[in-house]
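A.B. asks: I am attaching a structure below and will ask some questions about it afterwards.
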């Protein structure tokens, strides 16, 4: 496949000063048209003047330690809760920051901040009256305590170490000065940042694209002082790091009600993205999103005024600029860059409304990877990592393409990594080929629209909260990953959307999560209107896939609000003394069951003898189908992504909807997939397996029998 | 051990007409002093006049089919809920009894009963107004339905087949007439029953003891029409079968508020004993207990007036006469008979305040056992079953003895079962020896009082709801079984008792169950007073053992209300994004850990780095210890009863309390146990294992080194 036609363009190379020759050699090898710097690297004139377009990385809120030293009140903040302290008598002393990483946090005991502090009797679940506690010399003294009750302090603190910098220091042993971060809500800081950006643009005429990495507020990373729990909390989509007395006052002024520390602290558990948001949190998020969009728009306008373009990297300080949020388009970015391990991340990027979509591949050119394992060092196999990620990314690109790909990090680490370098070269060629096919006309799709229902709806399209490996305990990310490469339309809807009629143009509804989480839906299921509408949808011919603990909530007559459709329910003890229906596993399932991909959920039991059990384990139904009027419902106890799992999901969708798979191209070998591009009459066949595979492919362009090497991509023009 | 001294007495033999010779032979072999009849057998004059005391079994509410035919409204009743029916339009028709066993139930559509019927929109969780439904020709028609909502009917029905008789028919293929049962709350039935009992006493002068089996209301057994779910519901301690319009009216008159069908139906799940009782259920139970005691007292008085004694069998229609209930003693029974598989059942019987305590051993002389497996038929091994049960019973008898033992069933089934017959003979001898030791003076006990805390407190001392094998999914029954043979005091306390100071004379508190069940405690844990009192208890030197999901409830800052003591918490998703403390399993535990007995509970995580993890599985702490002030707390993820498990619990108690095990006798071999009887200076050593064991025993009487055969009991007089 060394086709000269696909050897150049759409590739962003990380250059590195001191390695000018390498930079230009690798740019040639990988067909780069853009050279960028990275966090920790610089570009030299030999590179910037070599005729490539230049991206320059800017983290706008960082690298201003001098300003931060002069204006410590311009730094960013967060709410934290102390660990509980048990009262041994009438007086309890609490050092709020005990147990937190002292290099990350510093108490904010200014009067504006103290006004938001709270002390709680957690045993009783009650706020302690303000007159019963005082603060002095770094500690809170609580009076009139009840012996043996546990007390906590909710407090505001400064974040004195920008978290990505903190990560790089602790992971990659950086020893440079700790970078601080400014809050654009601080008026002087905001003026300063705008002027700083103008100066930067003046002084860097060679830069074509400013790569914002990212905007203002980082996802949440709370470190502890004890190495046995260095990371106390991490949530890629949390808004906790956006808070400040000024933000709280702005909220009160706009919404007419005040938030409290407890809106953030939630009994010490914080408002993690995996939990259903409260109405107050939704209001707060909307305010932050508007704030971020407005400030970002100003930055983009400055960048444009210097004739440069503004791309945004969506992974670090991105909070509030969700690409599927209401205000993203108003910012006016010229490009969106997403780092990807997985197919769902490609779809997230590719589907955003922005002119240029770019993927930054993994592995990052760093000694160790995000998971902490070696990559570009002894023990690492970067070429294997790259190939494994490509298996995920390729199938998503076959469905919906992006404009560019690229890498990041220290280019010099590629020296001697010939296998890796060749693999990237090959991926570049395949990417460009796929991109051209898409440019000629979209691939064929089945007439199937899958609606994924959860609390967040489209705001959290495709992603839950971070990368696959950070959220792989959630069944939904496995389903999203499978969906990312299937020839179906996928949309993400909220319960509000269901009330608004979102099921009208859906064929299959998916709900997948654990009881009480944002993905299953929690208390949203207590609304009978939702249950009624979904029942209508299924009985009139729609399909339902419930996975894990779908529609689970307490207080109804079944634990799963959709138990009457699924034919199974979740027993958390409510069924004590009630016998379930006995069943026999069906010998022939109506679609191919990948038994390794299917798991069980403890407590699932059959509630309807007409439910067909396609697979069970230890007497627990794991995969069931039930007819509901004109529709069908599938229950899946567990689902672990694999090529075989994706294939099972495709066949399940075909069975549920009655669609003809070959309309979009269908392969006979379960570990192969394909995409049919009618405009270019080209069939792309991918072997997702680790063994060679012979497969027959049928598509509107004809039928084909081919043999693919392990992981191979085949581009076949079907000329008739 | 063929000591002539222990060959006679304290043994109740089931005689059988037609097998007179066998009856007298076996009476001789087993040392019987009493002969009884059984359900399904009769005694002939050759037996009753042979010089033995005679027990006659009476099920007072059964065997009155003629009266029942004339007074069908005197039969017993129950509330049932129909299965939900989904509305397909504005009108929904429900046949209430569809899916129930038609030979067990018959609708009660009398006006008094219909007044209590209800129709529910289960989708909405709302009662349907009375004007929207009507009943005719066995079916309920609901109007103004909302399409796709599910509707149920809660209704009263007659129970037309006494459940023990139904069980014997369906299990043992009886073909005799189905027996009906009368409700003593029906005035004419009550008069009739008293007169019937008087007549019976008149006509049976040979009977010394009337063995009531039992009183009025059976435990609940609801059969379905479909063999795939023949048993729909079974709860040994449910009060559902006590209900009737008359009972409901009596309740309203006494308590000033009315119960409704939903108080029984609870969304179709009934008020199972494993669930925490509502206040209304507690009131209702108290009323039924008083009613049962009052009526039973009248029967006992009649029996006494004929010079006979009244023993009660505590297993069938016993509901409302709990031996640890407030009114049991007022009935005036002369004896309590408990059938036993397990040690906890012996303790339950032995500890009741009643003159004579008798155990009916298993296996019952029936072709199949309670679990449905063969016993006295091909494939059965009754001698093995008997020995297995004896291993449980013996250790409990060593702690607290009963007055009598015996068997039940068809004596002719023992023909040819020499091994079984010899085993029973041997058990009789050992029992009598133990009984004599107890008579001379109680065995030594450790200065340790264990308080088991659950919603039911002393009312459900030792038992949960039925036999071990019916409740073995509950961790507490395993702990109770282990405790039944340990040299400690055991009491069962409720949350109300904790408020009343019940911890003052406790050394160890046990709470063991699943979140939301009656054993863990459910919402009772939301009371900070409880948490405070238990915290005080532990910090001042008490010990806590939490097992499974102890103290679990939603809405607090930790899922386990006692997490701050245990050092672990249960994550049901609340900890999303929070990292647990990492830990290393300790290499040397402070007591012997039986790893096979310890299980894990999914979702358990370490919340305090000072918690010592003695055992873990798949990264989940399974057994932990934490120091709390002067006390200690143990968490146990799972506990499966075995001799080794009991030993671990003993050693755990010694560690937690600092008690000296040898004060009550302590064995070196973990599968052996002992009891030291100081008054008779006798040491009883028991091998609970299936292999011979050498063990050293130290007790206040001295030290001993002995070898025991598998399962052997050794009685050693320590004279020096």
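A.B. asks: I want to make sure I understand the PRE zone here: with the label point 7 angstrom from the Cα of residue A:445 toward its beta carbon, which residues in the stretch A:332-366 have backbone N atoms less than 12 Å away?
C.D. replies: Zone members listed by number: A:351.
A.B. asks: Run the numbers on chain B and let me know its relative contact order in percent, using alpha-carbon pairs under 8 Å that are six or more apart. Walk me through the numbers before you get to the answer.
C.D. replies: Values: 1598 pairs, mean separation 71.3, N = 720.
Value for chain B: 10 percent.
A.B. asks: Now for a separate question. Rank the residues B:640, B:41 as a footprinting-exposure proxy: fewest other Cβ atoms within 10 Å of their Cβ go first.
C.D. replies: Numbers: B:640 15, B:41 20.
Final ranking by Cβ density, sparse to dense: B:640, B:41.
A.B. asks: Cα atoms only, chain B: Rg and Dmax in Å?
C.D. replies: Looking at chain B, its Cα Rg and Dmax stand at 27.0, 89 Å.
A.B. asks: So, one more: Hey, for residue B:66 with labels 7 Å out along Cα-Cβ, what do the inter-copy distances come to in nm, ordered shortest first?
C.D. replies: 11.3
A.B. asks: A further question on this structure: Taking 8 Å as the Cα distance limit and 6 or more residues as the minimum spacing, I'd like the relative contact order of the stretch A:661-717 as a percentage. Each step should come with its number before you reach the end.
C.D. replies: Numbers: 132 pairs, mean separation 20.4, N = 57.
Here the relative contact order equals 36 percent.
A.B. asks: Another question, if that's okay. Based solely on its DSSP helices, what 222 nm [θ] is calculated for chain B when runs of n ≥ 4 H residues each add -39,500 (n - 2.57) and the sum is averaged over all residues, nearest 500 deg cm²/dmol? Don't skip to the end; give the middle numbers.
C.D. replies: Values: 19 runs with 197 residues, N = 720.
Computed mean residue ellipticity for chain B: -8000 deg cm²/dmol.
A.B. asks: Please find the FRET efficiency linking residue B:17 to residue B:188, where r is the Cβ-Cβ separation and R0 is fixed at 35 Å, and quote it to the nearest 0.05.
C.D. replies: Taking R0 as 35 Å, the efficiency between residue B:17 and residue B:188 is 0.55.
A.B. asks: Sorted from fewest to most neighbouring beta carbons within 10 Å, what does the list B:158, A:190, B:117 look like?
C.D. replies: A:190, B:117, B:158
A.B. asks: Sticking with this one: How far apart are the residue A:51 label points across copies, placing each 7 Å from Cα toward Cβ, in nm, shortest first?
C.D. replies: Here residue A:51 shows inter-copy label distances of 12.5 nm.
A.B. asks: Here's a follow-up. Eigenvalues of the Cα gyration tensor times 5, then square-rooted: what semi-axes does that give for the protein assembly as shown, in whole angstrom, largest first?
C.D. replies: Details: eigenvalues 912, 276, 192 Å².
The equivalent ellipsoid of the protein assembly as shown has semi-axes of 68, 37, 31 Å.
A.B. asks: If you don't mind, there's one more thing I want to ask. How many angstrom lie between the C-alpha centres of the stretch A:120-191 and the stretch A:246-314?
C.D. replies: Using only Cα atoms, the two centres lie 19 Å from each other.
A.B. asks: Can I ask one more? Let me make sure I get this right: for the stretch A:449-657, a, b and c are the square roots of the gyration tensor eigenvalues over alpha carbons, sorted descending. Under 1.5 in a/c it's rounded, otherwise prolate if a/b > b/c, else oblate. Which is it? Show your work: numbers first, answer last.
C.D. replies: Values: a/c = 1.31, a/b = 1.12, b/c = 1.17.
In terms of gyration-tensor shape, rounded.
A.B. asks: Out of every Cα-Cα pair in the stretch A:198-274, what percent are more than 19 Å apart? Provide the component values of the computation, followed by the final result.
C.D. replies: Numbers: 1682 of 2926 pairs.
Tail of P(r) above 19 Å: 57 percent of Cα pairs.
A.B. asks: Label points 7 Å out from Cα along the Cβ direction at residue A:177 and residue B:178: separation in nm?
C.D. replies: 9.1 nm
A.B. asks: Considering the convex hull of the alpha carbon atoms of the stretch A:661-717, report its projected area averaged over all viewing directions, in nm², one decimal.
C.D. replies: Working: hull surface 12.4 nm².
Its average projected convex-hull area is 3.1 nm².
A.B. asks: Give me A:42, B:338, A:526 sorted ascending by neighbouring Cβ count inside 10 Å, so fewest comes first. Present the calculation step by step, with values, prior to reporting the outcome.
C.D. replies: Numbers: A:42 12, B:338 23, A:526 15.
Fewest-to-most Cβ neighbours within 10 Å comes out as A:42, A:526, B:338.
A.B. asks: Using only Cα atoms, locate the centre of the stretch B:33-90 and the centre of the stretch B:192-221, then give the distance between them in Å, rounded to an integer.
C.D. replies: Computed from Cα coordinates, the inter-centre distance equals 11 Å.
A.B. asks: Taking residue A:102 in one copy and the same position in all the others, each labelled 7 Å out along Cα→Cβ, what are the pairwise distances from the first, in nm, shortest first?
C.D. replies: 8.1
A.B. asks: Let me check against my output: what whole-number percent is the relative contact order of the stretch A:609-656, with C-alpha pairs under 8 Å and at least 6 apart?
C.D. replies: Details: 46 pairs, mean separation 11.2, N = 48.
Across the stretch A:609-656, relative contact order equals 23 percent.
A.B. asks: Let's test the formula: R0 of 60 Å, r as the Cβ-Cβ distance of residue B:378 and residue B:353. What FRET efficiency results, to the nearest 0.05? Walk me through the numbers before you get to the answer.
C.D. replies: Numbers: r = 44 Å, r/R0 = 0.73.
The value I calculate is 0.85.
Read-outs: derived from the displayed coordinates by stated rules, not from any lab. In this text the structure is predicted, and so the values were computed from the model without any measurement. All Cβ positions, glycine included, derive from the backbone under ideal geometry; neighbour counts span all protein chains shown.
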